[in-house]
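Undergrad: Just dropping this structure here.
The values are calculated or read from the model by the stated rules, or taken from the named source; none is laboratory data. Here the structure is a predicted model, which means the values were calculated and not measured. Glycine also receives a Cβ, built like all others from the backbone with ideal geometry; neighbour counts cover every protein chain displayed. SASA here: full protein model, heavy atoms, side chains in, ligands and nucleic acids out. Shrake-Rupley method; radii C 1.70, N 1.55, O 1.52, S 1.80 Å.
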Amino acid sequence: MNGSPASSALRAEPVLRAAGPLSAPTGPLGATLDVDGATSAPAVLRAQRRFADCADPAALAEEVVEQARAAGWARALLLLTVARSRHRELEVLAARGEGAPAPGERTTGAELTRTAPAAVVELVAGDPRAPRLAVWGAPAPGAAALDVLAAAAGAAWCAVRAAAEAERAAAELAGVRQLLSGAVRLAGLGSWSWDAATGRVVLDDRLRAMLGAEPTDPDPDLADWRERVHPDDRGPFTGVEDPVTRVGTSVPYPFRVRCADGSERTFLGTSVPLDAAHPGVVQGLVLDLGAGDRSTGELVRLAQCDSLTGLANRAVLDVRLGEALAAAGPACAVALVLLDLDRFKLVNDTLGHQIGDALLRRTAERLQEAAPAGSTLARLGGDEFVLMVPGVDRPESAVAMARNVIRRLRAPVLLPGLPEPFVCTSSAGVAIGHGGTADELFRSADMALYRAKDAGRDRVAVYDSAMRDDAQARREAEHKVRRALRTDGLRVVWQPIVDLRDERLVAAEALVRLQDPVEGLLEPSAFVETAEDTGLIVDVDTWVLGEVLRQLRRWRGEGNGLQVSFNVSGKTLEHPAFAHRLAHSVESTGAAGSSLLCEVTERTLIDLSSSTRASLGELRSVGARVGLDDFGTGYSSLSYLDRFPLSFLKIDMSFVRPLGTSARAAAVVEALIGLAHAHGMVVTAEGVETREQATMLREMGCDRAQGWLFGRPVDAGRLTAGR
Ligand code: C2E
Ligand code: MG
Ligand code: MG
């Protein structure tokens, strides 16, 4: 066994230990082991042979573990490391012995060490993906050597995995087949396939019906089929002698075809080579567009262009990108520039869809002016555009080109219906492909675009491998949030807010936490941003709101008049359901709406859409107060007070921290307090950590304070205890 003591040594030492990781399997049902001693090798082979014929691998894995126990090991577990993180998790595949965890349960090395000898710690070292057999206890004399058991375990695992994989793939394939044939039927499409080996074109019943052919008519060969197609439309059906891939193209093409009764119909077709396993087979679908002679040029445009802007559509881009990548090499790359207008949604929301459409059309025109010769410009939908440039030799030139494009888009533009020239910036993500798939290149450009947006928009970002790690981290965070929402893994902690005059507890802010089964209690910095990006924040905020209302009722019941403050993301406020739910709960349960303090950020007010405004209005209508959180971290302008009346303002801790060391900071905070008071707002200072800061703030007339000086976020019970 790799990395484990020799089997003879194991047998000599009665209180045992753990087997180290098994070496990697060489085939789906085999396991090679670096066994020492000639006697072990045949046993390993025997074990492998047994498992190769195995019908029920899961049962066999159980059997291996049972065998280990029968050999005298008190407890035996077959484990697989499932998470590579600070605290690795081990999944129990099979287990025997008193107190052993059940199969499917997760455990950690640390947990195992509590019951097992210290050597089990070794178990989690080394390659974490390899399955391991952990045993401890005293083996019976002459029992099977641990390495043989481990070999059996490795083979069992391989079999389990191969069987599960095959089952899953088969189920997936069956599902896809069903879905696809349903979609084809639903869309009224006909289908055909052509096999270069036999030369036959096989038509399905629907296509036969479209052509007026009898079910008993023989299938045509390619030459017959071509003869039926209008001579001007035969382009896609040439290339019979060419490699099969030339025949198939997933860009839709219109063509006229003669039916059995001599009439002519126009079809829209698309075809693709089947797959690598069936070389020479091309499959196609056709949609019947009706009788008669339609303008082919017009149909081509319809099929291949985006109707709003006239740019290429996604289907055309995919084909051209595929071709460009196939031709790319180490010295000649394809640049993909993904472009997105900044805050385009706001244009639609505030100026209307007609202006939005006009802006998209103008953007397309400007892109066409900026696009280099030989490039493909496409609109993917919404405000997402793509520029694909083949034959790029240096990444820097792609970046310079993208910069030039967004600079042009930044220039003011006159739009019909708007009195003033309009300015809309854009962001771009650039990825360079020397080969690989279109999908990979798209994903990379998308990550770069995300980075450009995240860094403040109106800029170009280029993909680098760190972005992949970043995207991976975001995916993991997303998974954690989803799991927490599903498994009741969110928590709320409460931080005291005091009246600065007498330092009496007057309110508490609800702050969300995530109880992760692997990493423990996580703070918002680990997941709130991802939750916002993915829209999961709506569910998080809704869950927190439920807790806030429950706690508020509990405190009311205890005669406690505390106000509760809670954070709401702008994304959440865009969903009317959130405010409805709050209003409904307040009205139906008699909770005091006036005890609710809703904290929003500057971003929410800057992006204020009509639905957000309606939500905030609804919160106010039940007595809740709306205030501004983190003032000083964003634009730090109170100009949006005209947009929505605010009841309170929280000064961010970055303003509070320098108090006592910077006279300028003190002057700014004092002016801010005066300004907020002039607008009738209650001012709370955040992040108050020292007595000196508290005293200064009180002297400046600040109303309330929150910070470690007065208490860290704690459970509800601990918040009120002793107050
Ligand atoms: P926030 O709303 O500004 O909350 C105050 C943050 O400052 C809290 O961090 C709190 O623990 C921290 N803090 C308070 N006093 C001090 C202090 O004296 N010194 C220092 N260094 N820090 C202090 P936390 O809990 O990590 O929350 C971070 C942010 O996450 C919150 O900032 C808020 O923007 C967001 N957040 C928290 N809960 C929710 C939620 O339920 N929904 C949404 N949408 N966002 C939330
Ligand atoms: Mg807050
Ligand atoms: Mg804050």
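Undergrad: Between Arg553 and Arg613, what FRET efficiency follows from the Cβ-Cβ distance if R0 is 25 Å, with the result rounded to 0.05?
TA: According to the calculation, E is roughly 0.30.
Undergrad: Suppose R0 equals 35 Å. What FRET efficiency, 1/(1 + (r/R0)^6) with r the Cβ-Cβ distance, do Leu351 and Thr633 give to the nearest 0.05?
TA: E(calc), rounded to 0.05, equals 0.75.
Undergrad: Assuming a ≥ b ≥ c are the square roots of the Cα gyration tensor eigenvalues, decide whether segment 477-720 counts as rounded (a/c under 1.5), prolate (otherwise, with a/b larger than b/c) or oblate.
TA: In terms of gyration-tensor shape, rounded.
Undergrad: OK, next. Tell me, what is the 1.4 Å probe accessible area of Arg620, in Å² to the nearest 10?
TA: Spelled out: Arg620, probe radius 1.4 Å, area about 100 Å².
Undergrad: Taking the Cα-to-Cβ direction at Arg403 and at Leu179 and moving 7 Å from each Cα, how far apart do the two end points lie in nm?
TA: 4.3 nm
Undergrad: Let me ask another. Might you tell me the accessible area per residue for segment 600-723, computed with a 1.4 Å probe and given in Å²?
TA: For segment 600-723, the solvent-accessible area averages 46 Å² per residue.
Undergrad: Further, regarding this structure: First check a/c for segment 314-463, with a ≥ b ≥ c the square roots of the eigenvalues of its C-alpha gyration tensor; if it is under 1.5, answer rounded, and if not, answer prolate when a/b is larger than b/c or oblate otherwise.
TA: prolate
Undergrad: Starting at the first residue of segment 254-260, write each ³J(HN,Hα) from the Karplus equation 6.51 cos²θ - 1.76 cosθ + 1.60 with θ = phi - 60°, in whole Hz, x for Gly and Pro.
TA: Whole-Hz 3J(HN,Hα) from phi for segment 254-260: x, 8, 9, 9, 8, 8, 4.
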